[in-house]
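Peer 1: First the structure, then my questions, so here it is.
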Amino acid sequence: MIRAARVAGPGREFLLSDEPVDIHMADGVIADIAPSGALPSRGEVLEADGAWVIPGLWDNHVHTVQWALAAEREPLGDVSSAAEAALRMESVAALADGRRVGSGFRDALWADAPSLEALDARTGEEPTYLINADVHSVWLNSAALRREGFTSPDGMLREEEAFEISRRLNAVDPEHADRAVRLAGERAAARGITGLVDFDMAWNADAWPRRIAAGFAQHRVEFAVYPFDLERAITEGLRTGELWETHDAPADGRGLVRVGSLKVISDGSLGTRTAACSHPYPGDDENFGVLTVEPERLIELLTRATGAGLAAAVHAIGDRATTAALDAFTITGASGTIEHAQLVRHADLARFARLGVVASVQPQHALDDRDLVDGYWAHQTAIGYPLAALRDAGAELRFGSDAPVAPLDPWLAIAAAVSRTDDRRGAWHPEERLSVDDALRASVRSSIRPGEPADLVLCGRSPAASSGAQLREMPILATVLGGRITHCR
């Protein structure tokens with residue numbers, strides 16, 4: 001039971017007053033909600049002392065192993081030039097597999113361009129890998145290129161070649177990866193996470209039962225499959241929404257893992273200048289980005305997935321890609337999400353609601369990318385990073401981080417959506433701001449009322465009365481998953 005909590009966010013509308021309540025839980029769900037002290041205490045009691053309780057938070061877009069392993073890699077988010085990045089990697093210690101790995105650079109903001117010569121001069125014969133913040137490009141030295149069997153005149157690999165490098169870097173010993181995922185899950189629970197959608201580019205149907213059997217119990221998981229594993233997924237009977245666990249799963253891990261969607265990456269990214277757009281990128285009239293999956297192929301994939309009971313999650317960043325994705329949903333009748341939707345044509349806004357396609361977006365990206373947008377997308381006529389526009393058109397919004405692209409912290413997404421700034425500058429496109437209630441609604445999968453999952457977060461401050469800066473630093477007093485405490489201060 002949670003005693004003397006004030007309800008905030010989804011679920012508040014079902015209460016008759018704002019007075020503290022006791023939330024009784026049984027068998028993983030909310031059994032009753034009553035004025036504080038009205039019913040006798042049963043079982044373990046979590047004292048809220050008037051703190052605010054909200055439904056459990058979800059991150060709807062995570063690359064789980066890559067996010068977990070990022071803690072072991074050199075952070076490059078603060079480097080301001082290619083020369084500085086190469087210098088930083090010179091002193092980085094190699095991992096156990098002999099590779100030096102850094103992540104999080106943003107070369108689109110640099111005055112100098114990455115080059116093979118510059119990286120070789122600093123890193124020599126030790127295989128060195130730098131992963132772009134958007135994960136759509138990697139910068140390798142000559143030793144790394146030889147080791148991986150690739151060639152590149154400037155050391156840069158993009159899109160599918162970059163994804164292949166990430167897959168190889170993430171393919172560590174399963175025990176190592178699972179330990180990193182468990183520790184990362186504990187950090188997520190400390191920020192109120194009770195569920196996430198895993199978009200790792202791997203066969204996750206084996207990984208998650210193994211992790212659960214080893215004791216992972218920090219949050220719920222929906223895992224995706226990729227086109228290269230689609231036929232295997234169909235053969236093994238994976239269907240979106242179904243539980244996926246082994247008979248020997250420990251009690252704490254039962255019911256936590258479900259099958260997610262088919263993930264299709266249909267275009268590139270803004271940071272790599274490959275997102276498929278209507279207008280060319282400045283300085284290169286031939287570069288409109290790339291559709292990495294042609295519309296006809298996208299329709300084929302969604303048709304196959306839909307017939308097998310799998311929803312679709314289509315990565316679409318540029319407006320051309322978003323339109324093509326909506327077209328594919330229209331033609332196939334597929335259900336699911338468009339991931340990112342960072343540039344959306346005005347005429348496409350209402351199509352999300354009409355088709356029932358969820359806009360799975362990452363509000364923090366708007367702030368991380370605002371300078372890139374003002375430079376590379378200044379002449380685009382579509383809407384950049386729409387939130388209020390999608391909401392007003394009736395679209396369902398779901399928030400995520402795209403971790404490790406942005407930190408896995410749901411409060412950063414909520415704050416970004418509410419304030420549209422995270423520095424001393426004013427709100428970026430303030431017309432796209434959301435209310436705190438709207439932002440919370442996009443961050444949860446349940447509400448606080450009897451019969452709903454007992455996934456709850458106890459906050460040390462009222463979300464509705466918090467500024468953007470205060471939301472970012474929201475103190476989390478406790479996180480409860482299915483009635484079980486996963487974090488407590």
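The values are calculated or read from the model by the stated rules, or taken from the named source; none is laboratory data. Everything quoted here is computed from the prediction, not taken from an experiment. Reconstructed Cβ throughout: ideal geometry from the backbone, glycine too, with neighbour counts over all protein chains shown. Only protein heavy atoms, including side chains, enter the accessible area calculation; ligands, DNA and RNA are left aside. Shrake-Rupley method; radii C 1.70, N 1.55, O 1.52, S 1.80 Å.
Peer 1: With both partners inside the stretch 217-340, how many of the DSSP beta bridges are antiparallel, as a percent to the nearest 5?
Peer 2: If we restrict to bridges inside the stretch 217-340, about 15 percent are antiparallel.
Peer 1: Using a 1.4 Å probe on the protein chains only, how many percent of the accessible area of the chain belongs to carbon and sulfur?
Peer 2: Summing carbon and sulfur atoms, their accessible area is 50 percent of the total for the chain.
Peer 1: Under the definition of Cα pairs under 8 Å and six or more residues apart, what whole-number percent is the relative contact order of the stretch 22-155?
Peer 2: 17
Peer 1: Which log10 I(q)/I(0) values, to two decimals, does the stretch 1-83 give at q = 0.15 Å⁻¹ under the Debye formula with one point per Cα?
Peer 2: Here log10 of I(q) over I(0) equals -0.66.
Peer 1: Here's a follow-up. For the stretch 316-366, what is Rg from Cα atoms divided by 2.2 N^0.38 Å, rounded to two decimals?
Peer 2: 1.03
Peer 1: According to the Kirkwood expression over distinct Cα-Cα pairs, how big is the hydrodynamic radius of the stretch 217-258, in Å?
Peer 2: Evaluated over the stretch 217-258, this radius sits at 11.4 Å.
Peer 1: Using amide H atoms built 1.01 Å from N in the peptide plane, name the residues 5+ places from Leu262, or on other chains, whose amide H lies under 5 Å from its own.
Peer 2: For Leu262, whose amide H was placed from the backbone, the distant partners under 5 Å are Val225, Ala311, Ala312, Ala313.
Peer 1: Which whole-number percent is the relative contact order of the chain (Cα, under 8 Å, 6+ apart)?
Peer 2: About 18 percent, as a whole number.
Peer 1: Show me, for the stretch 476-487, the HN-Hα J-couplings you get by feeding each phi into the Karplus relation (A = 6.51, B = -1.76, C = 1.60, θ = phi - 60°), rounded to Hz, glycine and proline as x.
Peer 2: In residue order, the calculated couplings are 9, 7, 6, 10, 10, 10, x, x, 10, 6, 9, 8 Hz.
Peer 1: Report the normalised scattering of the stretch 191-252 as log10 I(q)/I(0) at q = 0.11, 0.24 Å⁻¹, calculated by the Debye formula with identical scatterers on the alpha carbons.
Peer 2: The Debye formula, applied to the Cα set alone, gives -0.26, -1.14.
Peer 1: Hey, another quick one. Could you check what % of the DSSP bridge pairs in the stretch 1-124 are antiparallel, to the nearest 5?
Peer 2: 55
Peer 1: Accessible area per residue of the stretch 63-180 at 1.4 Å probe, in Å²?
Peer 2: In whole numbers, the stretch 63-180 has 41 Å² accessible per residue.
Peer 1: Then there's this: Distances over 19 Å make up what percent of all Cα-Cα pairs in the stretch 122-196?
Peer 2: Tail fraction, whole percent: 49.
Peer 1: Summarise the long-distance tail of P(r) for the stretch 173-304 by giving the % of C-alpha pairs beyond 25 Å.
Peer 2: Of all Cα-Cα pairs in the stretch 173-304, 41 percent lie more than 25 Å apart.
Peer 1: Here's another thing I want to ask about it. Normalised by the empirical 2.2 N^0.38 Å for globular proteins, what value does the Cα Rg of the stretch 266-324 take?
Peer 2: The stretch 266-324 yields a ratio of 1.26.
Peer 1: Rounded to the nearest 500, what is the chain's calculated 222 nm mean residue ellipticity when only DSSP H runs of at least 4 contribute -39500 (n - 2.57) each, over all residues?
Peer 2: Computed mean residue ellipticity for the chain: -8500 deg cm²/dmol.
Peer 1: Given a Förster distance of 45 Å, report the FRET efficiency between Glu117 and Ala347 from their Cβ-Cβ distance, rounded to the nearest 0.05.
Peer 2: Using R0 = 45 Å, I get an efficiency of 0.45.
Peer 1: Next question, about the same structure. Quick one: accessible area per residue over the stretch 371-471, 1.4 Å probe, rounded to a whole number of Å²?
Peer 2: Solvent-accessible surface per residue comes out at 38 Å².
Peer 1: List the residues, sorted by chain then number, that are 5 or more residues from Val29 or on another chain and whose placed amide H is less than 5 Å from its amide H.
Peer 2: For Val29, whose amide H was placed from the backbone, the distant partners under 5 Å are Ala454.
Peer 1: Continuing with this model, one more query. Send over a whole-number figure in Å² for the accessible area per residue of the stretch 211-308, probe 1.4 Å.
Peer 2: Heavy-atom accessible area per residue stands at 44 Å².
Peer 1: Now for a separate question. Antiparallel as a % of all DSSP beta bridges within the chain, to the nearest 5?
Peer 2: Roughly 45 percent of the DSSP beta bridges within the chain come out antiparallel.
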